[in-house]
Amino acid sequence: MSTALPPDAVSIFAIDGLPEIHPGDDLAALLGDALDGTVEAGDILVITSKIVSKAEGRIIEAADREDAITAETRRVVASRRHPAGVTRIVETHTGLVMAAAGVDASNVPDGTVALLPLDPDASALALAAALRARLGVELGVILSDTFGRPWRDGQTDVAIGAAGLYVVDDLRGSTDTQGRVLEVTVPAIADELAGAADLVKGKAAGRPVAVVRGLGRFVAGLDAPGAKRLIRSSELDMFRLGSDEARAEGYDEGYAAGFAEGAAESSQEATADERRARRAR
């Protein structure tokens with residue numbers, strides 16, 4: 001029985017041999033050493049963003065993780081108290097909406113936390129350019145991080161940075177198998193690949209890089225839009241307001257309406273008093 005893969009098969013495998021990453025390490029060179037002779041044209045690398053943070057020195061001492069989260073936060077979208085403390089869903093300075101601003105104390109020395117890369121797309125672009133030059137093949141790069149999802153239990157990895165690939169597959173205007181025109185179908189390719197690659201990486205496995213093979217049609221030039229393309233603006237999001245914001249906005253609107261109603265009643269009473277006073281005269 002043949003075990004040959006069909007021509008449209010996709011394979012994903014993790015890369016071994018990458019050392020522990022420290023601040024200041026040349027991550028592109030270390031990745032090049034680990035990948036040399038392994039990658040092919042059209043491969044897509046999915047790299048756990050934490051090793052990029054480590055190489056870029058985004059590991060800080062943090063006596064209080066909450067202070068680090070606050071510093072990385074543009075706005076608090078929602079918060080919830082629980083026996084262990086408070087969980088905050090926030091928007092980071094790069095526009096990502098996620099738990100704890102991506103501040104993570106796992107797989108780093110005690111007393112420190114890892115912050116997300118300052119510019120994940122720029123980091124992905126630098127790695128993609130260096131690895132293409134070193135390995136002599138066109139490949140894509142995704143930086144992934146773990147997110148929770150509204151309305152769903154569990155977490156999955158998504159793309160927070162990308163370079164050298166199309167992060168979405170815009171199918172709008174094409175037709176389905178029944179000939180119907182697709183109007184809203186835009187698969188988030190980079191997110192799908194990030195989630196799939198995490199199946200062979202994993203936080204506890206010490207294998208922060210995976211190669212996705214068989215999807216070379218999504219590999220693109222280095223000028224292709226990065227993962228920031230996947231961030232929907234708050235003005236277009238149907239769930240723009242988080243629970244904290246909605247509660248605060250509702251309170252402000254209710255207070256303003258109550259104040260206006262009270263002012264109107266006071267004005268009406270003052271007018272009535274003036275009329276009675278005129279009649280008395």
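The values are calculated or read from the model by the stated rules, or taken from the named source; none is laboratory data. Predicted model, so just to flag it, every value in this text is computed and none were measured. Because the Cβ atoms are built from the backbone with ideal geometry, glycine has one as well, and the counts that use them run over all protein chains shown. To get the accessible areas, we keep the full protein, side chains included, count just its heavy atoms, and leave off ligands, DNA and RNA. Shrake-Rupley method; radii C 1.70, N 1.55, O 1.52, S 1.80 Å.
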> Label-point separation (nm) for Ala9 and Asn107, each offset 7 Å from Cα along Cα-to-Cβ?
Replying inline: 2.8 nm
>> Pick from Thr175, Thr92, Thr73 the residue whose mean-square fluctuation is largest in a GNM of the chain, springs joining Cα atoms under 10 Å.
In response: Thr175
> Considering every pair of different Cα atoms, what Kirkwood radius, in Å, is found for region 1-143?
Replying inline: 17.2 Å
> Label points 7 Å out from Cα along the Cβ direction at Arg65 and Ser243: separation in nm?
Replying inline: 2.0 nm
>> Need one number: the % of Cα-Cα pairs in the chain sitting beyond the 29 Å mark.
In response: 46 percent
> Name the trypsin sites (Lys or Arg not before Pro) in region 116-173 that are in a loop by DSSP and that have at most 12 other C-beta atoms within 10 Å, would you?
Replying inline: Arg172
>> Can you compute the helix-only [θ] at 222 nm over the chain? Use -39500 (n - 2.57) per DSSP H run of at least 4 residues, normalise by all residues, nearest 500 deg cm²/dmol.
In response: -10000 deg cm²/dmol
>> With just the Cα atoms defining each centre, how far is region 126-187 from region 1-48? Give it in Å.
In response: 17 Å
> Between Ala122 and Asp169, what is the spin-label point distance in nm, taking each point 7 Å from the Cα along the Cα→C-beta axis?
Replying inline: 3.2 nm
> Rounded to a whole number, what % of the accessible area of the chain do carbon and sulfur atoms account for, probe 1.4 Å?
Replying inline: 53 percent
